[in-house]
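The next block holds one structure in the form of structure tokens; read it before the comments.
Nothing in this text is a laboratory measurement; each read-out follows from the coordinates by a stated rule. These numbers were taken from a predicted model, which means no experiment stands behind them. Cβ: placed from backbone, ideal geometry, glycine included. Neighbour counts: every protein chain shown.
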Amino acid sequence: MFVIGSGGKHLEDELRELGGEVIEIELRKFPDGEKYVRVLGFGREATVISSTFAPQDEKILELLLIGDALREKGFEKLRAVVPYFAYSRQDRVTKEGEPISVRAVMRALGLYYDELYIFDLHNPETIKYFPGKGINVSPARIIADYFREKLGEGIVLAPDRGALGRARAVAMELGLEYSHFEKRRISPTEVEIRPVDIDVRGKNVLIVDDIISTGGTMVKAARILRKLGAEKIFVGVTHGVFAEGAVERVSKAVDELAVTNTIPTPVSKISIVPEILRL
Ligand code: R5P
């Protein structure tokens with residue numbers, strides 16, 4: 001049985017249509033802004049779905065309140081599906097005195113939830129901070145399925161070496177070649193950024209990554225690919241975090257931009273709901 005938090009409302013209709021059983025929940029705010037949560041159903045096990053896009057802190061707190069309410073009602077096993085996990089990019093101390101924010105949020109959720117499912121966690125290793133069973137769900141299959149026909153015999157690229165695993169996973173689904181962009185210093189003053197060991201001339205290219213924020217990374221990659229003679233350029237990303245104007249910037253630079261619906265956006269064309277039902 002599913003419980004849908006405010007970060008999962010955009011997934012609810014499809015979840016019900018595909019046969020997901022949903023427990024009713026009342027979610028509102030007190031006049032002073034505090035959250036009010038009331039779970040109306042009963043049971044022993046529940047899967048709470050809520051993605052923690054902005055306002056992130058409210059959604060994280062709501063997940064804790066829902067967890068507390070479910071335990072209070074006697075639910076014995078709780079799973080949290082948090083498709084986009086806020087604070088996942090703050091995964092290390094870069095200046096003394098900082099927290100490892102992703103660890104703090106995972107530990108807090110561990111107070112209530114036995115299992116945690118996240119789609120394409122920014123740094124997959126950080127799932128270890130969740131005290132229970134933590135699973136990082138790959139979106140490779142659904143991204144590959146969406147672009148399969150459009151991409152044809154094209155290639156899959158990651159915008160940097162860090163995202164190579166993502167490109168590899170999508171390419172394996174499609175049976176295509178893959179690579180990543182890399183900076184190469186050609187002289188003391190010149191740096192060249194280009195895909196490593198792969199020729200994109202005349203080929204369709206799919207660039208994959210976990211997050212688009214400002215869109216700067218994708219726009220830069222698309223410009224380089226155009227210069228190198230790529231045919232069609234597609235962008236398939238898991239989380240459309242999208243700063244102001246980013247959808248337009250990236251859409252203008254490429255032939256098609258599609259992200260999954262871990263976050264609801266105008267270009268969330270790839271649904272994670274079938275994957276949730278398979279967990
Ligand atoms: C960075 O490590 C992430 O994987 C993305 O590449 C990054 O968040 C994209 O940011 P932007 O869209 O602002 O270039």
Whole number please: convex hull volume per residue of the Cα set in segment 1-96, in Å³?
130 Å³
Taking only Cα atoms of segment 117-232, the Rg to Rh ratio with Kirkwood Rh works out at 1.02
Show me the three semi-axes of the equivalent ellipsoid for segment 117-180, from the C-alpha gyration tensor (sqrt of 5 times each eigenvalue), largest first, rounded to whole Å.
26, 13, 7
Compute the distribution of all C-alpha to C-alpha distances in segment 40-168, in bins of 10 Å from 0, and list the percent of pairs in each, rounded to whole numbers.
12, 36, 29, 16, 6, 0
Report, by chain and number, residues whose modeled amide H sits under 5 Å from the one on Arg194, excluding near sequence neighbours (fewer than 5 apart, same chain).
Glu182, Arg184
Bin width 10 Å, origin at 0, all Cα-Cα pairs of segment 5-61: what percent of pairs per bin?
19, 51, 27, 3
Name the residues whose placed amide hydrogens come within less than 5 Å of the amide hydrogen of Leu116, ignoring near sequence neighbours (fewer than 5 apart) on the same chain.
Ala80, Lys133, Gly134, Ile135
Between Glu34 and Arg71, the two model label points (7 Å from Cα along the beta-carbon direction) sit apart by a distance in nm of 1.9 nm
Over the Cα atoms of the chain, compute the convex hull volume and normalise it per residue, giving Å³.
150 Å³
Please determine, in degrees from 0 to 90 and to the nearest 10, the orientation of helix 164-174 with respect to the longest principal axis defined by the Cα atoms of the chain, where the helix direction is its Cα long axis.
90 degrees
What is the antiparallel percent of DSSP beta bridges lying wholly in the chain, to the nearest 5?
20 percent
Potential extension, Glu98-Glu231 segment - 0.36 nm per residue separation minus Cα distance:
43.4 nm
Roughly how tilted is helix 140-151, in degrees to the nearest 10 and between 0 and 90, from the longest Cα axis of the chain?
40 degrees
How large is the dipole of the chain about the Cα centre if only Lys and Arg carry +1 and Asp and Glu carry -1, each at its Cβ, rounded to the nearest 20 debye?
660 debye
GluC sites (Glu not before Pro) lying in DSSP loop within segment 200-279, provided at most 16 other Cβ fall within 10 Å:
Glu231, Glu244
Hey, what do the phi angles of segment 117-127 turn into as Karplus ³J(HN,Hα) couplings, whole Hz, using 6.51/-1.76/1.60 and θ = phi - 60°, x for Gly and Pro?
10, 10, 8, 6, 4, 3, 10, x, 5, 6, 4
Amide H contacts under 5 Å for Tyr178, restricted to residues at least 5 apart in sequence or on another chain and with H modeled in the peptide plane, are Val156
Assigning unit charges at the beta carbon (Lys, Arg +1; Asp, Glu -1) and nothing else, what dipole magnitude in debye, to the nearest 20, does segment 102-188 show about its Cα centre?
420 debye
Along the Cα-to-C-beta direction of Glu45, a point sits 7 Å from the Cα; which residues of segment 52-78 have their amide N less than 17 Å from that point?
71, 74-78
Over the chain, calculate the relative contact order: mean separation of alpha carbon pairs under 8 Å at least 6 apart, over the residue count, as a percent.
13 percent
Starting from segment 190-279, pick out the trypsin sites (Lys or Arg not before Pro) whose DSSP state is loop and whose Cβ has at most 11 other Cβ atoms within 10 Å.
Arg201
C-alpha center-to-center spacing [segment 94-142, segment 35-70] in angstrom:
17 Å
